[in-house]
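The values are calculated or read from the model by the stated rules, or taken from the named source; none is laboratory data. This is a predicted model, so every value here is computed, not measured. Note: ideal-geometry Cβ built from the backbone for every residue, glycine included; neighbour counts use all protein chains shown. Side chains are part of the model used for accessible areas, which takes the heavy atoms of the whole protein and leaves out ligands, DNA and RNA. Shrake-Rupley method; radii C 1.70, N 1.55, O 1.52, S 1.80 Å.
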Amino acid sequence: MKTLSVLGWSGIGLLYVPLLAVAVASFNAGRHGVAWKGFTVDWYVKLLGNQVVAEATVNTLLVAGISTIVATVLGTLLALGLARTPWPRPVRGGLDVLIHLPVVTPDIILAAALVVAFAVLRLLGPLAEVWFAPGLLQIIIGHITFEIPFVALIVMARLTMIGRSQEEAARDLYASTWRLYTRVLLPQLAPAIAAGALLAFSLSLDDFIIAFFTCGPGTETLPVLIYGQMARGVSPELHALSTLIFVATVLLVVGAARLQGSRAAAS
Amino acid sequence: MTEAQGQGPGAQGQGPGAQGQGPGAPTIDAGELTTFARLRRRGAVLIGGGALWLLLFLAVPLALVFAAAFCETAGYGAVKLSLTWDNLGRVAGWGVFGWEADNLRILLRTVVVAGLTTVLCLALALPMAFWIARQPQSRRGLLLALLMIPFCTNLVIRIAGWTVLLSNQSWLAGLAQQLGAIGPEDGLYPGTFAVLLGMVTTFLPFAVLPLYAVVERLDWTLVEAARDLHSGPWRTARHAILPQIMPGLVAAGILTFVPALGMFLVTDRLGSGKFMLVGNLIQQQVGRDTPYLSALCLTLVAATLIGIAILRWRAREVPVA
């Protein structure tokens, strides 16, 4: 047990030391290198006035917000249509493959495939060339694509769990299809839909490679911005930005856990 | 095919009378008097948007990658229609100046690095999974959350952290310099050590979570039974524990190996310029030579599928008890 504890804590430690290093470096007064030159919060102050960072933050939130909304709607409908329709076997098989494809495809392949597809789309004409130029639209489309299956799979699991007896009861009481979906199914699915949306949002924030492959000038997201600056050498301002993103991540994870905990307690 | 075969797990409310009838025949679905045709029309409306989206932006792009791998390049990402094996030949090393071993070396290095990462991750994740599973209930949630937080933090930030920790001015590099492991002015990165460290820490949570899921449900009575029958620690582990945790090991292996094959960020930032993986090759060709890019993607997909097949096949080799 003693050895296990040591191994366990060192494993967790390995995950945290780089994050801790970034946080410490963000308070370092020295502009160059990592040698400690005293404590300062200057880099955080400078970050507030940084136009490029502000733009990238807006881009990141825009991409995450829009892609989450679209993916949650499409994913939920997809789950309902898949779980509650007596599809012939070949159709169901095809849909199953389609929905699992983004989950098993390595993200670099998904990103490269989108690059190739948009390159082909741009051949369609001068208008398509403008529409499908690298930029936010491409990133959003890419993110929606890998978020849909995660939402659909979570909602589908819930649909299987709640069974059909309440639907039967509603039908016996002459509920229309619309009322059945909005008054009976939707309230029961709400926790699963919320969990799916939360996962979609965090997947979008976590993505680097799709944004990196498909973004254009001025449409970088925060991870792409940090990567680009890293190539020019580490800067303390960058570490301040990274530390803030890390804090936001912690709050998101803890918030999600709380949400789930209170729901578990309520039900 | 009868209609009953087509029913999914969702259509449980179906009466036995619905079997073997056409799509227009009346049926009862969850208390609603309807027909299969109507149910399917409703289903088509529901899945329409999502299915069309996935077809358009996933299935079609993947098919285009497959097709483009056999086309000719027209420069700056553009593609000229044709049918050629040149791109796949270039992946294997044939170029304008004859055959070179560079690409094969990169392919081999990719498989070796991904394999080594997987082995190291599993070796560290297994004791971690046992450790977490044997904690009191309240403590387990906390430890899992501790694992989830770095997992959810963007990889770019974690790599930036390693560049700080391993740079030539850090205390860690200073220690290595004192010990004589590296030159007096060198840092611990870029290099193979930094790449492996980056890879293992990237994928460690991927390995711990599925392993924890099986270890938590481990049937310890089997272990007790083995002990009662005077089985030594090795035989107990091999016959009482290993068969039980095999599904978790395979899942953890796939979840680590597959993304490790496609990794480019870690080698790009923590490796020297010469330490390239297939992911780095792919990244270099984005917006340049689309057919070559496609051929590289095909190679990576093939390697992924072979890797998964091998892991699954190895899993079947271990008999229960």
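Numerical summary
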read-out	value
Shape call, the range B:108-205: gyration tensor on alpha carbons, a/c limit 1.5	prolate
Accessible area of the protein assembly as shown belonging to carbon and sulfur atoms, whole % at 1.4 Å probe	68 percent
Lys, Arg +1 and Asp, Glu -1 on Cβ, resulting dipole of the range B:169-321 about Cα centre, debye, nearest 20	320 debye
More than 31 angstrom apart: percent of Cα pairs within chain B	55 percent
Debye, to nearest 20: dipole size of the protein assembly as shown, +1 on Lys, Arg Cβ, -1 on Asp, Glu Cβ	920 debye
Relative contact order %, the range A:36-266, counting alpha carbon pairs below 8 Å whose residues are six or more apart	35 percent
Mean Cβ neighbour count within 10 Å, used as a protection proxy, ranking A:128-135, A:53-60 highest first	A:53-60, A:128-135
The range B:64-163 - accessible surface per residue (Å², probe 1.4 Å)	50 Å²
Convex hull volume per residue in cubic angstrom - Cα atoms of the range A:36-266	179 Å³
For the pair B and A, total buried accessible area rounded to nearest 100 Å², probe 1.4 Å	7700 Å²
Per-residue average of Cβ from other chains inside 10 Å of B:22-30	3
Selected from A:Arg31, A:Arg171, A:Arg122 as most flexible by GNM, with chain A as the system and alpha-carbon contacts under 10 Å	A:Arg171
Leading residue at positive end of dipole, chain B (Cβ point charges), from B:Trp99, B:Leu147, B:Gly174	B:Leu147
Extreme residue, positive dipole direction of the protein assembly as shown, given options A:Gly233, B:Pro184, A:Leu259 (C-beta unit charges)	A:Leu259
10 Å Cβ neighbours from other chains, averaged over peptide A:156-169	3
Dipole magnitude (debye, nearest 20) for chain A, charges at Cβ of Lys, Arg, Asp, Glu	540 debye
Highest to lowest packing among B:233-241, A:212-220, B:103-111, scored as the average C-beta count within 10 Å	A:212-220, B:103-111, B:233-241
Helix A:222-231 vs. chain A, principal-axis angle (Cα, 0 to 90°, nearest 10)	30 degrees
Shielding by partners - mean other protein chain Cβ count within 10 Å, residues of B:242-250	0
Rounded tilt (10° steps) of A:136-162 against the dominant C-alpha axis of chain A	50 degrees
